[in-house]
Amino acid sequence: MMISERMAARLNEQINHEFFNMWTYYSMAYWFENAGLTVFAKYFQKQAKEEQGHGEKIAKYLIDQGAHVRLASLPAPVVDYKSAKEIVEAFIQHEVKTTKMVHEIVDMAIKENDHATRNFIDWKVDEQVEEVASANELAQMVRYAETPGQLMMLEGRVYHMLEK
Ligand SMILES: [Fe+2]
Ligand SMILES: [Fe+2]
């Protein structure tokens, strides 16, 4: 194994966290689907699939480094959201937390002189800048909407965000 046991454990934790984000974003997508906001639902489905991709990318790195991938059971995602506003605020919180976790991996890699992981995880540092910006963009729009009708009208802009 080319990385430390400690780093392998930490990266496994991150894989499970990315999959938990996937689970959470599917839960948010289904909430929007139920509310008839199908473009918002698509947005969160796309986010969920991206989270799956992040988990898979880290898993591939572990395997390339001769470590084992250890999946754990995922906590149940929140399902009883009260509003679109609550969802987008939770979305930001998830991405901020994920960013902090990624930065911890960078710190650990530097401490361990683990150049390979340090270099690998840079992709995720950049990715998180985009993820937080995207969550903030969505939240800002939703904060302006006072009625379900206004949320529905926002879907045109969310549609364009999906095309990016
Ligand atoms: Fe992610
Ligand atoms: Fe994310």
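Here, each number is a calculation from the coordinates, and none is a lab measurement. Note that the coordinates shown come from a computational prediction; the quantities given were computed from them, not determined experimentally. Ideal geometry is used to build each Cβ from the backbone, glycine not excepted, and the neighbour counts take in all protein chains shown.
As an exercise, identify the GluC sites (Glu not before Pro) in segment 86-152 lying in DSSP coil whose Cβ has no more than 16 other Cβ atoms within 10 Å. Kindly include the intermediate steps, with their values, before the conclusion.
On the way: sites: E86, E89, E95, E104, E112, E127, E130, E131, E137, E146; in loops: E112, E146.
Answer by residue number: E112, E146.
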Measure nothing but the geometry: give the 0 to 90° angle between the long axis through the Cα atoms of 5-34 and the longest principal axis through the Cα atoms of the chain, rounded to 10°. 10
List the relative contact order of segment 5-163 as a percent without decimals, with contacts defined as Cα pairs under 8 Å and 6+ residues apart. 26
Please give the helix 84-111 orientation as an angle from the longest Cα principal axis of the chain, in degrees from 0 to 90, rounded to the nearest 10. 10
Based on the Kirkwood radius over alpha-carbon pairs, what is the Stokes-Einstein translational diffusion coefficient of segment 77-164 at 37 °C with 0.692 mPa s viscosity, in µm²/s? 220
What are the lysines whose alpha-carbon lies under 21 Å from the alpha-carbon of K82, with same-chain residues fewer than 8 places away excluded? K42
Using the alpha-carbon atoms, what tilt in degrees (0 to 90, nearest 10) does helix 38-64 show relative to the longest principal axis of the chain? 0
For segment 17-87, what is one quarter of the convex hull surface built on the Cα atoms, given in nm²? 4.8
Across 5 Å bins from 0, what is the distribution of all Cα-Cα pair distances for segment 12-144, in whole percents? 2, 10, 19, 23, 18, 12, 8, 5, 2, 0, 0
